[in-house]
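See structure below.
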Amino acid sequence: MASLAEHYPWVSSPVIVSAPMSGFSGPALAHSVYAAGGIGFLGGLPDINALRTALEDATELVTGSRIPTPDTTLPIGLGALLFAQKLDEVVALVEEFRPIAVWLFAAHGPEDFGRWSEAIRKASSKTKIWIQIGSVAAALNSVESCKPDVLVLQGADAGGHGGEKGAGIISLVPETLYALERAGVIGVSIVATGGIANGAGVAAALTLGAGGVAMGTRFLAAEETKVHPAYQTAILETEDGGQTTVRAKVFDELAGPNIWPRDFDGRALIADSYRDHVKGVSIDDIRKSHAEAKQTSHLGFGDGNRRAAIWAGTGVGLVRDKASAGQIIAEVRREAKIALNSALKHVQ
Ligand SMILES: Cc1cc2nc3c(=O)[nH]c(=O)nc-3n(C[C@H](O)[C@H](O)[C@H](O)COP(=O)(O)O)c2cc1C
């Protein structure tokens with residue numbers, strides 16, 4: 001599989017990526033990840049003016065940071081939620097700002113990945129195409145429809161949205177690598193994501209065959225992330241993510257009808273809206289309670305009246321301290337090396 005370092009010359013190993021979390025991953029986070037030798041992404045935003053501002057701010061941060069920047073591209077990636085954004089609007093921004101990569105997610109079908117990749121490559125030939133998918137079949141389909149530069153393999157432990165059906169990265173990554181090899185695919189880099197929140201998780205992903213790792217939930221505890229304090233407190237306080245988070249579609253019904261593609265759901269903390277849903281409370285009543293909680297100062301994220309979705313992966317229990325993105329990256333890199341050395345002792 002192709003090495004990530006080739007196209008992202010500022011990157012140190014192991015390659016750590018901050019996922020493009022819409023509404024959370026802004027210029028400050030993406031820039032700090034870049035400055036720490038990782039790959040930072042801006043979350044995709046349906047509001048094109050807000051997205052333009054984010055790209056302008058990211059450009060300003062990069063220009064002012066005195067870190068050697070690569071040629072003509074903005075060394076920061078841009079997330080795109082295909083079902084929620086307009087292709088021509090995103091392409092115009094890509095042409096203007098030339099981000100190092102666009103991370104495509106949540107298409108209605110593989111043909112959408114094809115259309116978007118083609119238009120983005122035409123607009124900015126140096127912008128790499130990253131595609132986040134969660135199955136072997138989707139990996140093979142997207143390779144055929146758009147030859148991505150990077151496949152982000154999203155395991156079922158991931159926080160936020162993903163495929164309703166899915167496997168953890170422990171089988172998803174090696175089986176996808178095997179299928180790609182059998183199909184004669186070369187030149188695509190593999191990034192693993194979903195449930196990775198510390199250095200041991202990074203080490204595990206690398207041994208599975210990934211060339212890098214993307215984290216979302218761990219970066220929800222970064223100082224630079226745009227997150228409500230009550231949301232961040234919930235992330236820091238929650239343990240045992242396999243019991244305290246759940247994948248469900250009801251989280252996308254809280255503010256109105258679900259607009260996500262059919263096969264998607266999302267992983268969030270188990271809270272009152274979900275409990276009501278399980279008890280059979282009507283969606284109208286769940287929405288009413290949600291709307292009331294959104295009026296409070298904690299916006300429905302606070303303990304006691306937690307009704308808004310707090311997207312988080314099963315690794316949430318490993319997220320214990322708030323820190324800068326640079327500190328998080330340094331820590332997981334250090335831990336990954338320790339974990340790999342320690343694992344080697346068990347195979348000699
Ligand atoms: C709060 C939150 C928001 C997210 N928003 C997006 C998004 O806008 N686009 C996207 O491609 N993925 C999004 N994701 C999913 C991430 O890309 C990634 O798959 C996930 O964070 C990996 O799992 P982890 O959270 O356990 O690290 C989001 C995840 C979280 C936790």
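The values are calculated or read from the model by the stated rules, or taken from the named source; none is laboratory data. Given the structure is predicted, the values throughout are model-derived calculations rather than measurements. As a convention, Cβ positions derive from the backbone with ideal geometry for all residues, glycine included, and neighbour counts pool all protein chains shown. Areas reflect the complete protein model, heavy atoms only, side chains present, ligands, DNA and RNA absent. Shrake-Rupley method; radii C 1.70, N 1.55, O 1.52, S 1.80 Å.
Could you list, in sequence order, the residues of segment 224-240 that are away from the ligand (no atom under 12 Å from the Cβ), buried (at least 16 other Cβ atoms within 10 Å of the Cβ) and of a type outside the set (Val, Ile, Thr)?
224, 230, listed by residue number.
Pairs only if they're at least six apart or on different chains, beta carbon under 8 angstrom, first in segment 250-276 and within 22 Å of residue 302 (Cβ to Cβ), second acidic (Asp, Glu) and surrounded by 19 or more Cβ atoms within 10 Å (Cβ to Cβ); list them, first residue then second.
As it stands, the answer is 251/265; 252/265; 267/157, since those pairs meet every condition given.
Looking only at segment 1-35, count every residue that is touching a Phe, Trp or Tyr at 6+ places or on another chain (Cβ under 8 Å), farther than 19 Å from residue 196 by Cβ and crowded, with 24+ Cβ neighbours inside 10 Å and tell me the total.
Qualifying residue count for the region: 1.
How about segment 145-184: which of its residues are open to solvent by less than 20 Å² (accessible area, probe 1.4 Å), among the aliphatic types (A, V, I, L, M) and out of contact with any Leu (no Cβ under 9 Å at 6 or more places or on another chain)?
Within segment 145-184, 152, 158 qualify.
Just a yes or no: is a residue in segment 81-97 under 19 Å from residue 214 (Cβ atoms) and surrounded by 23 or more Cβ atoms within 10 Å (Cβ to Cβ)?
no
Looking at segment 255-275, which of its residues are surrounded by 18 or more Cβ atoms within 10 Å (Cβ to Cβ) and among the basic types (Lys, Arg)?
Hit for segment 255-275 is 267, nothing else.
So which residues in segment 257-311 are within 16 Å of the ligand (Cβ to nearest atom) and either in the same structural domain as residue 23 (by TED's automatic domain parsing) or among the acidic types (Asp, Glu) (or both), if there are any at all?
Residues satisfying the conditions are 263, 265.
Quick check on residue 129: is it under 18 Å from residue 164 (Cα atoms) and either among the aliphatic types (A, V, I, L, M) or not assigned by TED's automatic domain parsing to the domain that holds residue 261 (or both)?
no
Report, by residue number, each residue of segment 105-144 that is within 17 Å of the chain's Cα centre (by Cα), open to solvent by less than 10 Å² (accessible area, probe 1.4 Å) and in contact (Cβ under 8 Å) with a residue 40 or more places away in the chain.
Across segment 105-144, the qualifying residues are 106, 130, 139.
Is it the case, given these coordinates, that residue 217 is away from the ligand (no atom under 14 Å from the Cβ) and either of a type in the set (S, T, N, Q) or in contact with a Leu (Cβ under 6 Å, 6 or more places away or on another chain) (or both)?
Working: away from the ligand (no atom under 14 Å from the Cβ): no; either of a type in the set (S, T, N, Q) or in contact with a Leu (Cβ under 6 Å, 6 or more places away or on another chain) (or both): yes.
Spelling it out, it is not the case that residue 217 is away from the ligand (no atom under 14 Å from the Cβ) and either of a type in the set (S, T, N, Q) or in contact with a Leu (Cβ under 6 Å, 6 or more places away or on another chain) (or both).
If residue 187 satisfies all but one of (1) at pLDDT 95 or above; (2) open to solvent by 20 Å² or more (accessible area, probe 1.4 Å), what's the number of the condition it fails?
All conditions are met except number (1).
Does residue 203 satisfy the criteria of being in contact (Cβ under 8 Å) with a residue 24 or more places away in the chain, more than 14 Å from the ligand (Cβ to nearest atom) and open to solvent by less than 20 Å² (accessible area, probe 1.4 Å)?
Details: in contact (Cβ under 8 Å) with a residue 24 or more places away in the chain: yes; more than 14 Å from the ligand (Cβ to nearest atom): yes; open to solvent by less than 20 Å² (accessible area, probe 1.4 Å): yes.
So residue 203 passes the test.
Let me spell it out: the conditions are (1) over 21 Å from residue 4 (Cα atoms); (2) modelled with pLDDT under 95; (3) not polar (S, T, N, Q), and residue 115 meets all of them except one. Which number is the exception?
The one condition residue 115 does not meet is (2).
So which residues in segment 150-171 are among the β-branched types (Val, Ile, Thr) and within 9 Å of the ligand (Cβ to nearest atom), if there are any at all?
Selection gives 152 alone.
When residue 278 is evaluated against the numbered criteria (1) open to solvent by less than 50 Å² (accessible area, probe 1.4 Å); (2) over 18 Å from the mean Cα position of the chain (by Cα), which criterion, by number, is the only one it fails?
(1)
Taking the condition in contact (Cβ under 8 Å) with a residue 24 or more places away in the chain, away from the ligand (no atom under 16 Å from the Cβ), open to solvent by 40 Å² or more (accessible area, probe 1.4 Å) and not polar (S, T, N, Q), does residue 330 pass?
Yes, satisfied.
Looking at segment 288-326, which of its residues are open to solvent by 60 Å² or more (accessible area, probe 1.4 Å), closer than 19 Å to residue 254 by Cα and in a helix (DSSP H, G or I)?
Result: 288, 292, 294.
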